[in-house]
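To start, the structure itself, in structure tokens.
The values are calculated or read from the model by the stated rules, or taken from the named source; none is laboratory data. These figures come from a predicted structure and were not determined experimentally. With ideal geometry, Cβ positions are generated from the backbone for all residues, glycine too; neighbour counts draw on all protein chains shown. Accessible surface areas use protein heavy atoms only, side chains included; no ligands, DNA or RNA. Shrake-Rupley method; radii C 1.70, N 1.55, O 1.52, S 1.80 Å.
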Amino acid sequence: MSDLNRLYPRHAEAVTPSDSVVHNYIALWVGGAGTVALKLAGDTVAVNFVAVPAGSFLPVQTMYVMSTGTTATNIVGLRAN
């Protein structure tokens, strides 16, 4: 697979936020507005994306979609592999 293909999603799945399960997504789609608490790849602390509108994409490499602090709903995780 070329490096370019690793940038585009090939799989999608519904996300159940968890403070302990590694998700490893290249982007998220947020179906229901709210806050999305994430630990990004390479980070050790969570960051809150506040007031994310419904129907938004978050183009971030995510290791954890945290249950603590996440109020957004209908989150879909996108993977490259």
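Residue-wise test of (1) in contact with a helix residue (DSSP H, G or I) (Cβ under 8 Å, 6 or more places away or on another chain); (2) at pLDDT 95 or above.
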residue: Ser2; (1), (2): no, no
residue: Asn5; (1), (2): no, no
residue: Arg10; (1), (2): no, no
residue: His23; (1), (2): no, no
residue: Ile26; (1), (2): yes, no
residue: Lys39; (1), (2): no, yes
residue: Gly42; (1), (2): no, no
residue: Tyr64; (1), (2): no, yes
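Selection within segment 40-72: residues that are exposed (fewer than 13 other Cβ atoms within 10 Å of the Cβ) and of a type in the set (Ser, Thr, Tyr). The member of this set that is farthest from Val30 (Cα to Cα) is Thr44. Would you say Thr16 is polar (S, T, N, Q) and open to solvent by less than 60 Å² (accessible area, probe 1.4 Å)? No: the conditions fail for Thr16.
Taking first residues from segment 35-58 that are touching a residue at least 24 places away in the same chain (Cβ under 8 Å) and partners that are aromatic (Phe, Trp, Tyr), the Cβ contacts under 6 Å between residues at least 6 apart in sequence or on separate chains come to Val36/Phe49; Lys39/Tyr64; Phe57/Trp29. If the condition is being hydrophobic (A, V, I, L, M, F, W, C) and either free of Cβ contacts under 8 Å to residues at least 24 places away in the same chain or within 11 Å of Leu38 (Cβ to Cβ) (or both), then segment 59-78 contributes Val60, Met63, Val65, Met66, Ala72, Ile75.
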